[in-house]
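Below: one structure, written as structure tokens.
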Amino acid sequence: MPSTATKAARMTKKEMEKYRRLLDDKKSSLSAEIAKTRSAEEETTEESTQDIADKAVSSYTREFLYSLTDGERNTLLHIDDALARIDEGNYGLCLNCGQLMTEKRLNAVPWAPYCLDCQELSEKGMLQN
Ligand SMILES: [Zn+2]
């Protein structure tokens, strides 16, 4: 079929508001998670007067908590970016190729900055951003 895509596809305002709600929900549950993780970190730090085996476990737990927090922090940044794109009316468009992302992708990862193809390139370090 010949493509007649002269006008770039955009999402309607109504659709964007649906994703804004998803993003807001995710943002508040993530913030709550991070707050919980922080207090768990503090508890882990306090238990430092134990034998070697226990220490190993708690340092493993600490590492896990730190990595979790890093990922969550990144997700929060992506969520804020996505919310800013909703305000600008550009939400849902891949930051690299400008294509409108599929509903399936946005429902799975509403804060996704790239379409699947570009995401793959980005993970391989092949995007020039
Ligand atoms: Zn793309």
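The table below lists the values:
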{"item": "Segment 93-122, subset within 14 Å of the chain's Cα centre (by Cα) and of a type outside the set (A, V, I, L, M), residue farthest from residue 11 (Cα to Cα)", "result": "119"}
{"item": "Segment 79-129, subset among the aliphatic types (A, V, I, L, M) and free of Cβ contacts under 8 Å to residues at least 24 places away in the same chain, residue farthest from the ligand (Cβ to nearest atom)", "result": "84"}
{"item": "Residues (outside any loop (DSSP other than H, G, I, E, B) and small (Gly, Ala, Ser)) located in segment 88-113", "result": "108"}
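Every number here is computed from the coordinates shown, using simple stated rules; none is lab data. These numbers come from a predicted model, not from an experiment. Heads up, the Cβs are rebuilt from the backbone with ideal geometry, glycines too, and the neighbour counts pull from every protein chain shown.
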